[in-house]
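Where a number appears in this text, it was derived from the coordinates with a stated rule and is not lab data. Bear in mind that the values here come from a model prediction, so they are computed numbers and not experimental data. Neighbour counts run over all protein chains shown; Cβ positions are idealised from the backbone, glycine included.
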Amino acid sequence: MRALPLALPLLLLACTNKEPVTDDSVATVTDADGDGVPVEEDCDDDDAAVFPGAAEACDDVDQDCDGAVDEGVQVTVYADADADGYGDPSAASEACAPGGGQVSEAGDCDDADAEIHPGAEELCDGLDQDCDDAVDEEASDAGTWYTDADADGYGDSAQATVACAAPSGTTGDSTDCDDADPATYPGAPEQLDGVDNDCDGEVSALEQDPDGDGLAAHQELLWYLDYTSALLQPDDTSVNGASTVASQMAALGLTWTTATRADTDLGVDTLAEYGTVLFLMFGGQGALTQEETDAIEAWIDGGGAMIVVGGSASALACDTFNSLPSAWGFSCTQTGYWSGTGDSYASHPLLDGVSTIGVAGANYWEAVAAPAEDLVMYGSYPIVSAAEVGDGRVVVITDEWLFYNPERGGTSLGYGDHERFLQNVWTWTVDGLGEAN
């Protein structure tokens, strides 16, 4: 039993001299980039952003280790040859980002024209600038056209259409004030029908009734004498018998008023009541006042008509005549009395159907400047002259006997073509009110 103490130290020595024990059942893992994927599975163990399942970036690197580069992250780019910011859909490719001459937005329908692309300004030129497969729609330079129902060249502002070319039945002017009436449009002649024919917002002065008698000015004539005698009035029967002149005026629908210079001036207020003035000018009162001359000039210019009839060889008669507006172009020279039948007749509406006019005239009334013109001459003596002034008309006749009936004087109403001539006078003046020029 004493050998036991020696055996124990030997046993302990034997235990301390053994090699370390290795457990081959536990594998060693290598992950150099620390991305959690061992080198055996990582396609780049030096880049922590590269491993199976990593998010692919567009950088020509295979981040997800699937053997493909940049898959799923490239964009479609389009060639933009005209550099208008929109590409040719037929020239597409994939890339990380548009390169030179490329854009990311397609839709250009003409990649050779920088003015043609989606959203471009459409023009009236037969091209599809905005690439919407429509031509000239909503073009910026399209015109606005207005329905012209009455075909007078002026349209209704409430009926507008925008188009490159005028649609049938339209016009570019929108100022018609009545598109149902072809006689009503800006600048149209007033028709003395109570309608604003020229679209200026009012009817003419000739259509108004300043004296409140129920008659428009164009329906009234002033038979104006510059002396106080009751003779030579249109309805006088004491000397001149049944007046044909009166019946002519009645046929025209005229109402006439007789006045003399002794009781009525030819001022603005008087003239406003009448469309026509027949001025029997014998010179008893001499020259008109400047106020009267100015009023007459404005009244004629606005469409009135004056028939000036002579009959006196006095200097006062010339004074009266020469105080009419000088712009008309007439003049009077005192000559005394003369008589004869016209030997020269101009072409004029006053002389339609007229070849014989005879007078027992007085003084020398003539046209000396435009717009006045002499129409019937007896040698060097004018028998009839006329002028169109502004919108009005003036007739000058040297002898009053033309207006009166056959039993009074050798050159009265029954002589030659006097009755036809006077009918022409009424037609040209009364029926033509406001229509001159």
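One table, with the values for the structure above:
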quantity: Exposure proxy order (Cβ contacts within 10 Å, fewest to most) of VAL29, VAL309, VAL394; calculated: VAL29, VAL309, VAL394
quantity: Computed over region 205-429: relative contact order in percent, which uses C-alpha pairs under 8 Å that are six or more apart; calculated: 19 percent
quantity: Sites THR144 and ALA97, calculated FRET efficiency, Cβ-Cβ separation with R0 41 Å, nearest 0.05; calculated: 0.35
quantity: FRET efficiency for ASN322 and LEU252, using Cβ-Cβ distance with R0 set to 41 Å, rounded to 0.05; calculated: 0.85
quantity: Amide H contacts under 5 Å for THR335, placed H, 5+ residues apart; calculated: ASN363, TYR364
quantity: Packing-based exposure ordering (other Cβ within 10 Å, fewest first) of GLU291, GLU419; calculated: GLU291, GLU419
quantity: Neighbour-count ranking [beta-carbon atoms within 10 angstrom, fewest first] of ARG261, ARG393; calculated: ARG261, ARG393
quantity: Computed [θ] at 222 nm, helices only, for the chain once each DSSP H run of length n ≥ 4 contributes -39500 (n - 2.57); calculated: -4000 deg cm²/dmol
quantity: FRET E, pair ASP301, ASP173, Förster distance 30 Å, beta-carbon r, rounded to 0.05; calculated: 0.65
quantity: Residue-wise HN-Hα coupling along region 270-278, computed from phi with Karplus coefficients 6.51, -1.76, 1.60 (Hz; x: Gly, Pro); calculated: 5, 5, 4, 7, 10, x, 9, 10, 9
quantity: Amide H contacts of PHE330 (H built 1.01 Å from N, under 5 Å, at least 5 apart or other chain); calculated: VAL368
